[in-house]
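K.L.:
Once you've had a glance at the structure underneath, I'll fire off some questions.
Values quoted throughout were computed directly from the atomic coordinates according to the rules given, and no laboratory measurement underlies them. Since the structure is predicted, the reported quantities are computational estimates derived from the model, not experimental observations. Here the Cβ positions follow ideal geometry from the backbone for every residue, glycine too, while neighbour counts run over all protein chains shown.
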Amino acid sequence: MAGSIVSRMLNPLLWPSLIYTFSAEGRAFYKNVDFVKQYTRNVIKTRKQTYKAGLEDNFKRSSFMDIILRMHIEEGMFTEDEIREEVNTFMIGGFDTTATTAAFAVHLLGN
C-alpha cells in the first residue's frame, strides 16, 4: 500500500481522485485496502467471540485489543467501526515504521 501511495504522489496525473480510482494503480490500492479491512474485521470478530465465551486470558497485562473490546462490550464506549479504525492505525503504523526503518538501513549500508 505504501508503494501505491508513493506512486500516486510522484505522478501528478494520478492526483485527482476520479482518475486515480479508475487507474490500475488505484484499483490495486483499493483492493488492498479492502483486504486490510476484511482482515481486521475477522481479527476483531474472533477476539470478540473469544472474549464473550470467557476464554480471554486473565493476565495482569491485557493487550490493546482486549482493552478496547472490554470497553466496547462492557461500557459501550466504541462502535465496531471505531475499533476497526484504531486497530488499523496500530497495525499499519507498526508495519510502515518497520518497513521504512529497514529500507533506510539498507540504503545506509549501500552507501
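K.L.:
Okay, helix-only estimate at 222 nm for the chain: each DSSP H run of n ≥ 4 adds -39500 (n - 2.57), divide by all residues, round to 500 deg cm²/dmol; what do you get?
P.N.:
It lands at -26500 deg cm²/dmol.
K.L.:
Continuing with this model, one more query. State which stretch of the chain is the longest one without any exposed trypsin sites (Lys or Arg not before Pro), exposure meaning a DSSP loop state and at most 15 other Cβ atoms within 10 Å.
P.N.:
1-59
K.L.:
Normalised by the residues of the chain, what does the relative contact order come to in percent, with Cα pairs under 8 Å and at least six apart?
P.N.:
20
K.L.:
Nothing charged except the Cβ atoms of Lys and Arg (+1) and of Asp and Glu (-1): what's the magnitude of the dipole of region 2-110 about its Cα centre? Round to the nearest 20 debye.
P.N.:
280
K.L.:
List the GluC sites (Glu not before Pro) within region 6-111 that DSSP assigns to loop and that have no more than 16 neighbouring Cβ atoms inside 10 Å.
P.N.:
Sites meeting the loop and neighbour criteria: 56.
K.L.:
Over the alpha carbons of the chain, what is the largest minus smallest coordinate on each principal axis, giving the biggest first in Å?
P.N.:
Sorted from largest, the Cα extents of the chain read 51, 40, 19 Å.
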